[in-house]
1. Among all the lysines, which ones have a C-alpha under 22 Å from residue 91's C-alpha, if same-chain residues fewer than 8 places away are not counted?
2. At q = 0.17, 0.25 Å⁻¹, what log₁₀ I(q)/I(0) does a Debye calculation on the Cα points of region 49-105 give, no solvent, two decimals?
3. Mind listing the Cα extents of region 1-149 along all three principal axes, in Å, largest one first?
4. Magnitude of the Cβ-charge dipole of the chain, K/R +1 and D/E -1, about the Cα centre, nearest 20 debye?
5. For residue 400, give me every one of the lysines with a C-alpha distance below 28 angstrom, ignoring sequence neighbours fewer than eight places off in its own chain.
6. Rounded to the nearest 500, what is the chain's calculated 222 nm mean residue ellipticity when only DSSP H runs of at least 4 contribute -39500 (n - 2.57) each, over all residues?
7. For region 205-288, what D do you get in µm² per second when you plug the Kirkwood radius from alpha-carbon pairs into Stokes-Einstein at 37 °C and 0.692 mPa s?
8. Determine, at each q value in 0.13 (inverse angstroms), the log₁₀ of I(q)/I(0) that the Debye formula gives when each Cα of the chain is one equal point scatterer.
Amino acid sequence: MNFALLAQGAAHLVVKRYAGPFWIRRQWLKKTQWFNESELEGIQLKLLKQLIHHCYSTVPYYKCLMDERGIKVESINSLEDIKQFPVLTKKDVLQAGDSIISTKYPKWLMRIAYTGGTTGTPLLIWRDLFSIGSNHAFFQRQKDWAGVGLRDRCAYLTGRLVVRPDRTDKRLYSYDPFMKELILSTYHLSIDTAKEYAEVIKRYRVTAIDGYPSAVYLVAKTCFDSGIELKLQSVLTSSETLTESMRNMISRAFQCEVYDYYGSAERTSIIHTCEHGSYHIIPEYGLTELIPLGGSDNNKCRIISTGFWNLAMPFIRYETGDIVRTTDEKCICGRQYPVVKSVSGRKADVIKTPSGREFGAAILTHLLYGTDHIVESQIVQDELGHIIIKYVPSERFSEKDLMAFQQLIIRHLPQEMRVELRRVEVIKRTDNGKIRPVVSEIG
Ligand SMILES: [Zn+2]
């Protein structure tokens, strides 16, 4: 029994369910999901006005910005009026320092969260305790859609720390009876530990897994290859790009649906998957603007968003760095929430060829994860015209697979790219326990 984690679990339960407005928000969200477009717009405008008022009166950064630009609190009368504000970048937030933190909350009423440090400097996000309860209610509704209730046990394969990544002599999982969470160490995930994790998941009678696609995929593939049967109610994935082949493997191995969801680390925007498999932008959470990237593909948009709930450190029109593919389709679930086709990785994750072509992480990982008997991979571009494909083979990987792999690479990557295949034991994970599918070292 890990007492530190047990105490942490009890504290989480209090913060997430009882200190904040979890129950009220949960009831509210059960109703608002069936609201029509104008009712949803009404909610958004009300929350936006409250937010702007709060920012002007308690956040020095916004007071200064609004005074400088002549933006009045009363001038926000429609959702379009948000455009009076400039786009807020990560750099702006770093430069603003403490001036972007609300003076309303004492430090003891706030918690710190970190955003991933994979694409530059990590950002410290101050969150007020009330927003944590609300956030939890939003996520619980996603779990409800996936058929996972409050009483169900869930296993986590995310960046949560169980033991230090460099320790291998300790137990690699921990069960929190308060939150009913089985936390597995993603940092120690390999083909061997994946089998162990599958057994632990069975032993704890877990209903669902929530994790990074690359991590859940590895456990699924190991179960599938080794004939380990593990049936789940559902799998939830987030934070990395989920490719179709990963989704299929997870679905087959665990005999369930995969609910992929998106949440910006800065708590400004969330996109959840409903029972019918559509990605829905959640309007009660924030005001999400989709700005076309330009070029030939009109459906590719970047996400700029304003979060309604984290009043400790409010972000207005934040440039998330994330991309979605839009669609005109409506969902048959009956909810009037906007639908997007897919959510893809960060802009920075691309391979560039000498002739100027760019390949995003999605297509490349799709190719790699679709190859037989390769459990993990990563593409590193170390110079223009040269990439290294690192891969971790499974036990069944053969000479034939290697040749098939080489053929796929020849077929999918342009001739001008020199490709080095590098067999490795493990792919290094980021500080958050994620795998970056594509690493560009050429800037
Ligand atoms: Zn739907």
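1. The reachable lysines, counting only those whose Cα sits under 22 Å from residue 91, are 63, 83, 347.
2. Once normalised to I(0) and log-transformed, intensities are -0.54, -1.11.
3. Reported extents, whole Å, longest axis first: 57, 40, 31.
4. My answer is approximately 1080 debye.
5. 195, 221, 390, 428
6. -10000 deg cm²/dmol
7. Rounded, D is 245 µm²/s.
8. So the normalised log intensities are -1.28.
Rule-based calculations on the coordinates, nothing more; no lab input. Since the model is a prediction, treat every value here as computed from it, not as a measurement. Every residue, glycine among them, receives a Cβ derived from its backbone with ideal geometry; neighbour counts consider all protein chains shown.
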